[in-house]
Structure formats: C-alpha cells, structure tokens
C-alpha cells in the first residue's frame, strides 16, 4: 500500500481533509467534534456547525491534527492537539509540561489493516514532541468495545510504550507517554 506521508492539517490541506471526511464511510456526521466545543452558529444543522467549527480552527491556525496520504491521496486522519483545545476528556491532572491529547483516528475501511493507524500514532508522538509537549495523553478502548472505537485500541498504545493512568468513563483508558524521557 505504500508508506504514509503525514502532514499537519492547515488551511492548505483543509480541502483534502474535507474530501476524506465526506467520502463514503467518512466521519462527515461528526467532523471529529465529540471532544470539541462546536455548539454555535444558530440556523445551521449540527453537521454544518461541526464542519464550520473544525474548518474555522484550521483556517485560524489552531492545531487540530494530522492527515496522512498514500500515493498522494488523503488516506487517514488523527486528531492530536494541545489538551486545552478540547472539552473535558477525563484525563489525569497535569504533572509537568504541556499535555497534548490524541482523541481520534479515521482510516477508510478499504485501507484498514495496513498499519496506517500505527504510522499515525508515530507521527502524533513526533508532532507533540516537536511542539514542546512533555506528555501525550490518549483515551483508547479495548478492541471489543462497543463504542469509542474511533479513539484507538489499547494494545496499540501499550505496544508504543504508553502507560495506563486510569480510566475515563466505563470504557476508555487514560494512557500517557512521557515525551521528554521516552522513545
């Protein structure tokens, strides 16, 4: 399938992200808004407000995540940004340094099973570290979870060296990776 080429989502890549989200099976219903404050812009549908909120953040330079390309085509998404850019996630109290949160993955069904989520996870670790974060926090679930599957699966994070720090709700694990001392 080829190596994943990963970039920050910025104004120049917004069209690619929109195309990925609006494609068959894409997250066009949520626009990665479960953990973002999207309520506003009266007179529009929820879907339109969610899209407008994410687009507004992108166009004003707010970090929202990473987009991955395979052979030049948008192929995967990961929401990773400073934790304060999200609503309450149920994480643990800050220890030292800035905390970034990884809250969502999207890989189209036809591309699943090729390791794209793992490649995005590596890119997210690198991006948070590059931005000066001391910790990357994630909220994955077990592979058999009936919900929140978009947040990733616990075994992938354990394999990458994340440590469990508790739970958020009944299904999500709070997992952290020290970006200053770890690999």
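Readers should treat all values here as calculations from the given coordinates under stated rules, not as data from a laboratory. All values reported here derive from a predicted model rather than from experimental measurement. Don't worry about glycine lacking a Cβ; one is built from the backbone with ideal geometry, like all the others, and counts go over all protein chains shown.
Quick notes
- Label-to-label distance, residue 180 versus residue 163, with points set 7 angstrom from Cα along the beta-carbon direction: 1.4 nm.
- Relative contact order computed over the chain (Cα-Cα under 8 Å; 6+ residues apart), in percent: 19
- Taking one quarter of the surface of the C-alpha convex hull of the chain gives a mean projected area of 10.4 nm².
- If both residues of a DSSP beta bridge must be in segment 78-141, then about 55% of such bridges are antiparallel.
- For the chain, DSSP calls about 85 percent of its internal beta bridges antiparallel.
- Length released on extending from residue 52 to residue 22, taking residue separation times 0.36 nm less the Cα-Cα span: 9.4 nm
- Here is how the number arises for the chain: DSSP H runs of 4 or more residues each give -39500 (n - 2.57), the sum is divided by the residue count, and the result at 222 nm is -7500 deg cm²/dmol.
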